[in-house]
């Protein structure tokens with residue numbers, strides 16, 4: 001029986017607390033003061049003109065630097081700078097004060113900057129919290145989906161591991177609560193992480209009016225948004241709870257198929273619901289950060305990243321439990337299978353990532369391609385390229401051989417790449433739309449990671465310690481114990 | 001028949017179940033007899049380990065075939081689309097290969113898989129002598145249906161071991 005030792009409790013608890021302190025520091029930091037990258041232009045969102053702005057920003061930045069005095073004037077409006085605007089501002093350098101520059105900008109291209117005159121850098125701690133919520137949610141929901149597949153497909157090999165899957169999937173509700181917190185604060189206009197929540201954006205009379213976003217009002221409005229998030233919470237956390245409860249009940253019942261078909265029905269129902277909610281949740285939480293842009297592949301793409309994150313965490317957790325002798329009935333063949341999932345879904349994620357990228361790159365339509373401009377031409381490029389290498393090349397090369405999938409060192413090495421890579425992937429999905437170029441890695445980002453890691457450890461390990469790690473009456477337990485390939 | 005030239009007579013034991021087969025193989029080897037071949041109607045998981053077979057090197061071959069495929073695909077796309085007859089498709093850059101690379105990724109992927117898969121199959125067939133027209137090597141057609149056969153050179157005390165291991169039929173060839 002696994003014991004949640006006081007040492008681990010201390011670790012999990014202190015991670016959470018330190019994370020919380022870091023988050024508080026992060027939320028009380030003024031990001032606009034050191035948003036030195038602000039003069040590089042807004043994240044292009046709707047118009048081709050903005051695309052030019054982003055492309056041109058390098059030359060422009062040099063010009064601006066050359067005239068230190070003007071530079072100050074320009075920097076204040078940094079987040080919305082357009083190529084045209086920047087030139088205009090330079091021309092009137094001497095008298096370029098705030099209002100004028102603002103006016104120039106509004107007329108410049110009549111393009112929509114990301115936040116209609118608000119400084120996007122204020123969104124940064126909120127965006128960082130969303131990144132971490134999504135990343136850690138992936139661990140829970142990916143595992144829950146995997147657990148449901150085991151029941152729906154009547155899988156034999158993994159039965160000895162089901163308790164581990166159950167414990168991890170019980171974590172699924174907590175990051176959604178974090179997202180609900182973001183929605184509540186966004187609805188109160190404490191931040192405009194989701195740009196469509198900004199005041200007046202749906203109101204034709206308002207200077208903030210955006211006809212494209214207003215057209216999506218039926219779907220993108222705060223009450224419905226919050227309701228959907230609540231629905232995901234109920235469906236996902238409910239499924240995790242029910243699968244766990246039935247599995248525990250099975251231990252008390254006599255041997256046989258008492259819960260087998262109940263669990264299968266439950267799992268199949270959840271999978272059908274998840275097929276829809278996985279896509280819609282990704283649109284809601286992640287894609288609506290860039291409300292002008294859309295991609296039909298986005299749901300699967302997000303899901304693939306979440307699933308491979310979950311497989312990696314499961315692999316590490318099972319490895320940890322095996323090393324500490326808590327799972328004597330699990331052998332290296334089981335570990336091999338988990339590594340295969342990690343390997344295969346790294347490829348699957350790359351496939352979806354590339355499918356989305358190539359179609360947009362090839363058709364080169366302004367409304368679509370703006371998504372990739374800050375990511376592939378702007379300052380996110382190094383992160384973006386590194387992220388693809390970490391999520392595809394490195395795990396492929398490390399985990400390709402059969403033996404590597406069974407050796408702890410190789411699994412650990414690949415896990416580091418995959419986890420870091422997918423964290424950066426989520427970061428790059430959210431940051432350009434939410435904060436423009438005023439991104440960074442500080443207390444807000446690190447605090448979220450520590451906070452959720454602590455909670456994750458606490459929930460998972462306490463769930464693991466509640467009941468024996470070995471199911472008693474699952475009909476396919478023997479098959480799992482004899483599993484070999 | 002493949003083994004007819006061998007001087008030592010062969011013993012063939014039939015089994016009716018793959019789990020029995022695996023435990024039998026373990027018992028036979030533990031008793032010190034050397035198994036020359038096992039015939040099964042389907043791949044039996046764990047049999048290679050129970051027989052103590054050397055690890056296959058087909059994976060390494062597959063990796064190299066994949067690299068060859070990738071190289072061929074890069075050369076092919078570069079020669080056809082950039083060097084020999086540069087084509088402007090959808091305004092995509094065709095000045096050098098790297099700029100147009102995303103458009104070639106499907107080709108790179110397909111050729112890698114194609115080469116790895118096909119050459120691996122051919123390697124497997126050649127190594128196992130399974131060229132078209134080759135004689136069937138299984139001594140008893142029942143091993144293609146529902147029987148499992150262990151074939152090994154006759155030795156003292158072998159028959160008793162086989163009987164104890166659960167063989168349903170033992171024949172000396």
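The values are calculated or read from the model by the stated rules, or taken from the named source; none is laboratory data. From a predicted model like this one, the values you see are computed outputs, not experimental measurements. Positions of Cβ are generated from backbone atoms using ideal geometry, with glycine treated the same way; all protein chains shown enter the neighbour counts.
So is residue B:84 out of contact with any helix residue (DSSP H, G or I) (no Cβ under 7 Å at 6 or more places or on another chain), modelled with pLDDT of 90 or more and surrounded by fewer than 16 Cβ atoms within 10 Å (Cβ to Cβ) or not? Criteria met by residue B:84.
Would the stretch A:405-413 turn up any residue that is within 14 Å of another protein chain (Cβ to nearest Cβ), loosely packed, with under 15 Cβ neighbours inside 10 Å and either outside any helix (DSSP H, G or I) or touching a helix residue (DSSP H, G or I) at 6+ places or on another chain (Cβ under 6 Å) (or both)?
Start the filter on the stretch A:405-413 by keeping residues that are within 14 Å of another protein chain (Cβ to nearest Cβ), which leaves A:405-406.
Next, only the ones that are loosely packed, with under 15 Cβ neighbours inside 10 Å stay: none.
No, every residue in the stretch A:405-413 fails to be within 14 Å of another protein chain (Cβ to nearest Cβ), loosely packed, with under 15 Cβ neighbours inside 10 Å and either outside any helix (DSSP H, G or I) or touching a helix residue (DSSP H, G or I) at 6+ places or on another chain (Cβ under 6 Å) (or both).
Among the conditions (1) part of a loop (DSSP other than H, G, I, E, B); (2) surrounded by 14 or more Cβ atoms within 10 Å (Cβ to Cβ); (3) in contact (Cβ under 8 Å) with a residue 12 or more places away in the chain, residue B:76 misses just one, which is (1). Restricting B:15, B:65, B:39 to residues that are within 14 Å of chain A (Cβ to nearest Cβ), in contact with a helix residue (DSSP H, G or I) (Cβ under 7 Å, 6 or more places away or on another chain) and either at pLDDT 90 or above or exposed (fewer than 14 other Cβ atoms within 10 Å of the Cβ) (or both) narrows the list to B:65. Taken over the stretch A:1-23, residues that are in a helix (DSSP H, G or I) and without any contact (Cβ under 8 Å) to a residue 60 or more places away in the chain amount to 3. Of the residues making up the stretch A:437-485, those that are in a loop (DSSP other than H, G, I, E, B) and more than 14 Å from chain B (Cβ to nearest Cβ) number 16.
Based on what the data block shows, is residue A:363 buried (at least 19 other Cβ atoms within 10 Å of the Cβ) and either out of contact with any strand residue (DSSP E or B) (no Cβ under 9 Å at 6 or more places or on another chain) or at positive phi (or both)?
No; evaluated as a whole, the condition is false for this residue.
Among all residues of the stretch B:98-118, there is none that is assigned to a loop (DSSP other than H, G, I, E, B) and surrounded by 12 or more Cβ atoms within 10 Å (Cβ to Cβ).
Elements of the type helices (runs of 4 or more DSSP H) sitting completely within the stretch A:282-398 and holding at least 2 residues that are at pLDDT 90 or above, closer than 30 Å to residue A:409 by Cβ and within 14 Å of chain B (Cβ to nearest Cβ): these cover A:332-363, A:381-388. Can you find even one residue in the stretch A:417-431 that is within 14 Å of chain B (Cβ to nearest Cβ) and either closer than 21 Å to residue A:132 by Cβ or in a helix (DSSP H, G or I) (or both)? No: zero hits.
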